[in-house]
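The values are calculated or read from the model by the stated rules, or taken from the named source; none is laboratory data. All values reported here derive from a predicted model rather than from experimental measurement. All Cβ positions, glycine included, derive from the backbone under ideal geometry; neighbour counts span all protein chains shown. When the accessible area is computed, the model is the full protein with side chains, heavy atoms only, and any ligands, DNA or RNA have been set aside. Shrake-Rupley method; radii C 1.70, N 1.55, O 1.52, S 1.80 Å.
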Amino acid sequence: MAYFLFNFTKKGAEKGVTLREQAARLLEVRLWGIGAKTPNRARLSPGDCILVYVGAPEREFIGHGVLSSGVHDWTPGEQRVYPEGSWGNGVSFGTAEVWDEPVSLKSVWPDMPASAKNPKGQFFAGVMQIKQKDYELVLGKRGGVLPEPAQPPTLAPAHEAIIERLFATTEKLKELLANSVGKQITEDATRALLVNRYLQALGYADFDDIEFGVQVESKDFADYVLRAGGKSVMVVEAKRLGLTLGSQHAAQVTKYASVLGVRWGLLTDGRRLKLYDMAPSVSPDDRLVFEVDLADYSGREDFEVSVYPDLALLSKDAMANGSGLERRATQEAVRDLLTAHDSKTLATLQAELANANLPHVETVDLAELLAELLG
């Protein structure tokens, strides 16, 4: 059994109808549309427990349920009852409940485990995995009874296998870290013991999936160039375990990726991963998309919630079309454009507000308002 948050926002909302009313309608018909590019859609399975959240301005949990299916095309009967919209597929609920009294995010978020790495309660996707304790805390706040699974839960075999492989590899990392206190692991050993294993766990296991020591310039060689979907998709530069990954190392991997004409560059010391975007429109200061500490989790559930989502974006299957990383990079870029106090986009928005004869809003207040609306 896994636990997920369904995040309903203005993106798919009807004008003149509150987000809560629209999300409640979906729970009442026990169907929830899922977009083709929605993260985690392939992981949804019968028996998974769902919390339903609506974004700004409400920002509250409004119901819960248990899935009776994974993502599938609507049957004729489901199509007839599903509210009009663009979704032609989604999941069905075995049990679902709309709460008479919703639970505000601010009333529970400080006590939820998820807040440790997301203190502002900002949700970047329509489907997000959460921890069992997160789920139980919200239901406990409203005095709800935890529902029983509709049927034995299962993950899609492919996703279950990759999670298991990656988790086993990170557990080996933790064991290595514990046994190497006071020792220095060389760069060659880091590649052999950690990086090579991660790449294989991510699906780069065929003979032509990885090019080693690719020449960039006369005396410069990229450690790895990963291939997926018949093309080079990522340059990987590995340093020794424990080395602080600084700006000079970032410059190295971004240079290699740029010269080789590869969009994504990954810098790692075997434990920490830093992903960079080489798209022409991205400024050098904004090239870092995300970073992950592969040992920063407390158990299997925490690994699935905190580490796996970003790690999965680097898998061979995900990189075959690159849409997952592109979406993530775009999300980060849009958030920066709309919430950075020195953003030109904010200045433009201020001017448009003035043209509409709306009250003046200071830049810092406007940035905070947009951050809240983005959820």
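Straight-distance candidates among the lysines for linking to Lys131, with alpha-carbon spacing under 20 Å and chain neighbours fewer than 8 residues away dropped: Lys106, Lys117, Lys120, Lys141. Here the relative contact order of the chain, from alpha carbon pairs under 8 Å that lie six or more residues apart, stands at 14 percent. Helix 323-339 versus the longest principal axis of the chain: what angle, 0 to 90°, nearest 10, using Cα atoms? The two axes meet at around 70 degrees.
Prolate is the label for segment 1-141, because the ratio a/c of its alpha-carbon gyration tensor axes (a ≥ b ≥ c) is 1.5 or higher and a/b is greater than b/c.
I'd like the antiparallel share, as a percent to the nearest 5, of DSSP beta bridges with both residues in the chain. Of all bridge pairs located within the chain, approximately 80 percent are antiparallel.
Ligands, DNA and RNA are left out, and with a 1.4 angstrom probe the accessible area of the chain is 50 Å² per residue. Among the lysines of segment 172-297, pairs at least eight places apart or on separate chains and with Cα atoms under 25 Å apart come to 18. Computed packing ranks the peptides 202-213, 36-47 as 36-47, 202-213, most packed first, by mean other Cβ atoms within 10 Å. Roughly speaking, what is the centre-to-centre gap between segment 215-243 and segment 1-79 when only Cα atoms are used, to the nearest Å? So the two Cα centres are separated by 40 Å. Charges were assigned to the Cβ only: +1 to each Lys and Arg, -1 to each Asp and Glu. The resulting dipole of the chain about its Cα centre is roughly 360 debye. Which stretch or stretches of segment 191-235 have amide N atoms under 11 Å from the point lying 7 Å from Ala168's Cα along the Cα→Cβ direction? From segment 191-235, the list is 201. Which of rounded, prolate or oblate describes segment 163-264 when judged by the alpha-carbon gyration tensor and an a/c cut-off of 1.5? Judged from the Cα gyration tensor, segment 163-264 comes out oblate (a/c at least 1.5, b/c at or above a/b). Using a simple spin-label model with pseudo-atoms 7 Å out from Cα toward Cβ, Glu21 and Lys37 lie 3.0 nm apart. If a/c stays under 1.5 just call it rounded; otherwise compare a/b with b/c (prolate if a/b is bigger, oblate if not). Do that for segment 217-375, with a ≥ b ≥ c from the square roots of the Cα gyration tensor eigenvalues. Judged from the Cα gyration tensor, segment 217-375 comes out prolate (a/c at least 1.5, a/b above b/c). Note on the chain: along the principal axes its Cα atoms extend 66, 57, 43 Å, ordered by decreasing extent. On the basis of the beta-carbon distance and an R0 of 22 Å, Ala279 and Ala340 show a calculated FRET efficiency of 0.75. Here the label points at Asn118 and Asp100, each 7 Å from Cα along the C-beta direction, are separated by 3.0 nm in the simple model.
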